[in-house]
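What follows is a single structure, written as structure tokens, with notes after it.
The values are calculated or read from the model by the stated rules, or taken from the named source; none is laboratory data. None of the values given here were measured: they were computed from a predicted structure. With ideal geometry, Cβ positions are generated from the backbone for all residues, glycine too; neighbour counts draw on all protein chains shown.
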Amino acid sequence: MATILVVEDEHELAALIKRQLEGEGHQVLLAYDGQTALLLAAQSQPDVVILDWMLPGLDGLAVCRTLRARSIVPILMLTARDAEADRVLGLEVGADDYMTKPFSLRELMARVRAILRRVELLRRVDEASAGPLSLGALFIDPLARRVTVHGVELDLTVKEYDLLLILARHPGRSFSRAYLLDHVWGDEYEGGDRTVDTHIVRLRRKLGDVGERIATVWGVGYRLENG
Ligand code: CA
């Protein structure tokens, strides 16, 4: 089952939530303040965080913001505040869900189950998209970052590989140079659109006859034709 971090300074409520979650087979970590919560989260990589807003010292909002900057762990915020503005603020700093005190434990458990289902679904989508791609003579194994053409392994640079993977994941779809720059080079690029063009030229050459399937889309960018 899942590892769940419960951050709640009301000891009795924390214990109650812990018992309930353990009853469903989860492993539960308790933190009574924000600092401890951040420490535990870093150490044990929980699957879900249940986070009270009003905490001594570092409050739930600050904890939420910090957690979100470090990871994509789902966060369910608990609060005694019910103003819509607060709700919006909680969601804006990255909480995934929100419950107002007092709440029923049954509802809390239902929300946690819903979050875990979403996590599981996302994990499966991730795994599926990491699976090998076979497009005619072109074969890409993303986990190994291996590319073969007609069974012969290619020696691609990191950027050439990343470019190819984006094109190959969506054959037939056109990608603008700006999109490719953004997704392959991110912040590190200098030099602009030409950077994409020169890498595509090299990539085409290395791919041999498969390279001819990388089409230039005039005024836009590139597309990998279906084989
Ligand atoms: Ca509290």
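The residue of the range 56-74 that is nearest to the ligand (Cβ to nearest atom), among those that are more than 18 Å from ARG87 (Cβ to Cβ) and out of contact with any strand residue (DSSP E or B) (no Cβ under 7 Å at 6 or more places or on another chain), is PRO56.
Among the candidates VAL28, VAL73, VAL7, VAL49, single out the residue that is within 18 Å of the chain's Cα centre (by Cα), at pLDDT 95 or above and assigned by TED's automatic domain parsing to the domain that holds ARG106.
VAL49 is the lone residue from the list that is within 18 Å of the chain's Cα centre (by Cα), at pLDDT 95 or above and assigned by TED's automatic domain parsing to the domain that holds ARG106.
Taking every residue in the range 25-48 that is among the aromatic types (Phe, Trp, Tyr) and pairing it with any residue that is crowded, with 17+ Cβ neighbours inside 10 Å and in a helix (DSSP H, G or I), at least 6 positions away or on another chain, the pairs with Cβ-Cβ distances below 9 Å are TYR32/ALA14. Yes or no: ASP9 among the acidic types (Asp, Glu), assigned to a helix (DSSP H, G or I) and within 15 Å of the ligand (Cβ to nearest atom)? When the stated conditions are applied, ASP9 does not pass them. All but one of (1) crowded, with 17+ Cβ neighbours inside 10 Å; (2) in the same structural domain as ASP193 (by TED's automatic domain parsing) hold for LEU116; which doesn't? Only one criterion is unmet by LEU116, namely (2). Considering VAL6, VAL28, VAL48, the condition of being crowded, with 18+ Cβ neighbours inside 10 Å and under 20 Å from ARG87 (Cβ atoms) is satisfied by VAL48 alone.
Of the helices (runs of 4 or more DSSP H) lying entirely inside the range 129-227, the ones with 2 or more residues being without any contact (Cβ under 8 Å) to a residue 24 or more places away in the chain and surrounded by fewer than 18 Cβ atoms within 10 Å (Cβ to Cβ) are found at 158-169, 193-207.
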